Amino acid sequence: MKVVLRNPRREVEVKGRRRVKDVLAELSIIPESVLVIRGDELVTADQVVGDDDVIELRPVMSGGSR
Amino acid sequence: MKCRKCGEPAAIELRRHNAAFCAPDFQEFFKKQVREAIRKHRMFEPGEQILVAVSGGKDSLALWDVLIDDGYRTSGLYLDLGIFDYSVESKAKCETFAAARGVPLIVSRVEEEVGAPVPVIQSVTRRPPCSGCGLSKRYLMNRVALEGGFPVVATGHNLDDEAATLFGSVMHWQMDALPRQSPALASTHPKLVRRVKPLYRLSERETAAYTIMRKIDYIVEECPFAKGATSIAHKEILTRMEEASPGAKHNFLFGFLEKARPAFEKAEGVTLNECARCGQVTTGTLCAFCKLSDQVKRSR
C-alpha cells in the first residue's frame, strides 16, 4: 500500500495486508500522534488495509506560539 | 471497532474515554464538549459579539465552525504574521472558510502594526520567534477586539496546548503564570477583553478528526518557526505519556484546574496601568508591544 506522510509530504510503500496499528508500528509512529485517513474517511487502528489502499497519516500536533 | 452510541463501524477511537464513535456521533460528542466548556465557565453572554482568533489551522477553524453552527454571532480575526508562504496559505484558508459561511473576517497585519513581520522581529530581538509572535498576537487580539466593540476573544487552544503550557510552567515553577492559566480569563481592566478557550476539553487529535469529518480545509503544514519550539518538545513528551497511559494529559490539566490552581492564585493582584504610548494595558509605564515596536524601528 501507499502511505502518505506529512510535514514534509512524502510517500512510502508498505507491502502486505495488515492492521493499521501494525503499519504504524512498522513505521515507528505513535498512534496518538496521527489520524489515519483512507479516501476522505478516518480509519481506526484495528482496521485492515491492503496493497491497493492509499492511506494518509495526518499528524495532529501543532505548536509554537499559540 | 463499533460506535459506542449506534453500533455502526467506528471512525475514531478515544482511548481516554474508553470509547469509539462513528463520524456523526463523534461530531455530536465534540459539540457537547464545547457546549460544556462554555456553560461551565460562563464564556459568553446571550447575544454577545464574539471575536474568534483564527490561524487557518484545525483548532481555530473547528472552533469557529461549532460557534457558527450553534448560532453565536461571530467575526473572525486573522493576524497576518508575514511568515512567508505559510502566512499566505493560512490566510487563504481563513478567507475561504469565512466566504463559504458568509461570516466577517478581520485581517490585521503584524508588519503594519509592529513595523516588521515576525521573521524580522526575530532577527532584531534575537529571541525565539515564538516570543515576539506570541506577544504581538496577544496584544493585537485585545486591541482589535476593543476597537471593534467585542467584549470577548475566543481562541482555539485545545487540551494538548493547555497541558503543554502547564507542563512548561511547572518545569520552571513560573508562579506568576500558573494562576493565569485558565479556560476563561475575566476582564480585569476596562481595556482588557475577556479571553476564552472553548476547546480546552478536546485533544488536538479530536479537533483534527472534527475538521476532517466536517471537510474543513485547514493548513496541515506547520509554521516553519515551530520546529524546535519548546512547546512542541513538551507536547511530544506528553503524547508519549498519553500513549502509555490514556487520560494522562486530561488528568494533568483537569487536576490542576480543579485542585491545584486555587492554591496558586495570588492574594493580591498586580497593578494595571495604561501604556504611556498606546493606552493599552500594562504593568509598567510602556507596554511590551511598544517596546518591541521601538526595538524594531531602531534597527531599520
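The values are calculated or read from the model by the stated rules, or taken from the named source; none is laboratory data. Predicted model, so just to flag it, every value in this text is computed and none were measured. When we count neighbours, we look across all protein chains shown, and the Cβ atoms used for this are built from the backbone with ideal geometry, even at glycine.
Just a few scattered comments:
- Condition broken by residue B:75, with the remaining ones in (1) touching a Lys or Arg at 6+ places or on another chain (Cβ under 7 Å); (2) away from every other protein chain (no Cβ under 14 Å); (3) under 25 Å from residue B:133 (Cα atoms) satisfied: (1)
- Taking the criterion of being surrounded by fewer than 17 Cβ atoms within 10 Å (Cβ to Cβ), small (Gly, Ala, Ser) and either touching a Lys or Arg at 6+ places or on another chain (Cβ under 6 Å) or at pLDDT below 90 (or both), the residues of the range B:222-268 that qualify are B:228, B:247, B:263, B:267.
- Residue B:191 being more than 9 Å from every other protein chain (Cβ to nearest Cβ), among the basic types (Lys, Arg) and assigned to a helix (DSSP H, G or I): no
- Of the residues making up the range A:7-43, those that are within 10 Å of chain B (Cβ to nearest Cβ), surrounded by fewer than 16 Cβ atoms within 10 Å (Cβ to Cβ) and assigned to a loop (DSSP other than H, G, I, E, B) are A:7, A:8, A:9, A:30, A:40.
- Inspection of the range A:44-65 finds a residue satisfying the criterion of being facing another protein chain (nearest Cβ under 8 Å) and acidic (Asp, Glu).
- Whichever residue in the range B:160-177 is out of contact with any helix residue (DSSP H, G or I) (no Cβ under 6 Å at 6 or more places or on another chain) and not in a loop (DSSP other than H, G, I, E, B) and, among such residues, is farthest from the other protein chains (Cβ to nearest Cβ): B:170
- Conditions (1) facing another protein chain (nearest Cβ under 10 Å); (2) surrounded by 22 or more Cβ atoms within 10 Å (Cβ to Cβ); number of the one not met by residue B:219: (2)
- Sole residue being without any contact (Cβ under 8 Å) to a residue 60 or more places away in the chain, more than 12 Å from chain A (Cβ to nearest Cβ), assigned to a helix (DSSP H, G or I) and not β-branched (Val, Ile, Thr), chosen from B:259, B:297: B:259
- When A:27, A:5, A:42, A:35 are screened for being farther than 27 Å from residue B:19 by Cβ, out of contact with any Phe, Trp or Tyr (no Cβ under 7 Å at 6 or more places or on another chain) and either without any contact (Cβ under 8 Å) to a residue 12 or more places away in the chain or aliphatic (A, V, I, L, M) (or both), only A:5 passes.
- Members of the range B:194-215 found to be within 14 Å of the chain's Cα centre (by Cα), within 14 Å of another protein chain (Cβ to nearest Cβ) and part of a loop (DSSP other than H, G, I, E, B), listed by number: B:197, B:199, B:200, B:202, B:203
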